[in-house]
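The values are calculated or read from the model by the stated rules, or taken from the named source; none is laboratory data. None of these values were measured; they are calculated from a predicted model. We place every Cβ from the backbone using ideal geometry, glycine too, and count neighbours over all the protein chains shown.
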Amino acid sequence: MLGKLFKKDTDSDGATTQGGEGQEGIITKLRSRLTKSRKSFIRQVDDLLFGERKIDDALLDELEELLVTGDVSVTTVEEIFSKIRGEVSRHELQDGEALKRRLKEVILSMLQASHGSIPWEPTPYICLMVGVNGVGKTTTIAKLGYLLKNSGKNVMFVASDTFRAAAIDQLEAWGQRLDIPVIRHSPGADPSAVAFDGVQAAIKRGIDVVLIDTAGRLHTKSNLMEELKKIRRVIGKRLEGAPHEILLVLDATTGQNALNQARQFNEVTPLTGIILTKLDGTARGGIVVSIAHEMGLPIRYIGIGEKMEDLEPFDPEAFVEALFGTEEAQ
């Protein structure tokens, strides 16, 4: 697995793909990685819209059902079609192409409403990473560390998921691979003490960004709540304003369960953003829209593959164009 994550992206000629590609390059990359959603969910939308059918309530009902099966939540679908049905009734949308274009516009507006990039300042910038076990949280921390380091940041990992010895060992292994320092204690140690030591070390060493791994045991939500409150309180005493970011890592392949996890974690601690992993592995990419709209939280990054380079800053325009764009645009 570690070997896979360190493979370089290559094009069809075997040349290494360079980072920093423009939006067209990002759209092309996303289009190829969102193949499952495009071939399933979006193709059904196209089949429904591009024919001789009249744009009426029956067709809109079918389109609503398709969006729900694509993991756009019922609440979000209702919001989308509260706009579209009125426009259809006023004869503003008279064919499938116009309807699809308007659907893209409404979805894009929902994604843009809460969108924003992370400033990564002041330094050290303290980021708590939360999420249930099994969503790829520790690997995502490694990918984010890799991305930040390649952008010129000094990064530190902190292993505050002391409940699982494997989590500590895994984070330390990533630190060694990426040449990123890791602050750790023994399994079972107080997570807030580890976090405090991490912030302390970051201040002394002039670290730019600290990524703190935390436990994710939603079945003991009260314990998790107290643990996260204590971590925030302790590091806030050491560094005013910390933590600056609390990012929830979600697995896109779990569909509506990911949305439920977001709601639960947001009850436990106020989130500042979402990282959605494994988007390349789901045929129902609509979960992106539901999470952004219903949670009112920015999607900061998306995971679209196993390699280190496959964690991308989320770009709403590129995402919507990649998902809904025509094959001829490739």
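Considering only segment 264-286, state which residues are among the β-branched types (V, I, T) and either closer than 19 Å to L323 by Cβ or not in a helix (DSSP H, G or I) (or both). Scanning segment 264-286 gives T269, T272, I274, I275, T277, T282.
Considering (1) small (G, A, S); (2) surrounded by fewer than 19 Cβ atoms within 10 Å (Cβ to Cβ); (3) touching a helix residue (DSSP H, G or I) at 6+ places or on another chain (Cβ under 6 Å), the lone condition that A189 does not fulfil carries the number (3). Remark: G236 falls outside the filter, which requires a residue to be modelled with pLDDT of 95 or more, surrounded by fewer than 17 Cβ atoms within 10 Å (Cβ to Cβ) and part of a loop (DSSP other than H, G, I, E, B). Take V130 and tell me if it is of a type outside the set (D, E, K, R), closer than 14 Å to E245 by Cβ, in contact (Cβ under 8 Å) with a residue 12 or more places away in the chain and assigned by TED's automatic domain parsing to the domain that holds P298. Yes, satisfied. Note on segment 198-215: among residues that are under 23 Å from T139 (Cα atoms) and surrounded by fewer than 24 Cβ atoms within 10 Å (Cβ to Cβ), the one that is modelled with the lowest pLDDT is A215. Specify the residue that is nearest to N150 (Cα to Cα); the eligible residues are those in segment 166-177 that are touching a residue at least 12 places away in the same chain (Cβ under 8 Å) and surrounded by fewer than 19 Cβ atoms within 10 Å (Cβ to Cβ). Taking the candidates together, the pick is R177.
Rundown of residues vs (1) outside any helix (DSSP H, G or I); (2) assigned by TED's automatic domain parsing to the domain that holds A142; (3) under 13 Å from the mean Cα position of the chain (by Cα); (4) over 19 Å from S117 (Cβ atoms), yes/no style:
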position	(1), (2), (3), (4)
E226	no, yes, no, yes
K229	no, yes, no, yes
A262	no, yes, yes, yes
V288	no, yes, yes, no
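Restricting attention to segment 89-138, the residues being out of contact with any helix residue (DSSP H, G or I) (no Cβ under 7 Å at 6 or more places or on another chain) and of a type in the set (V, I, T) number 3.
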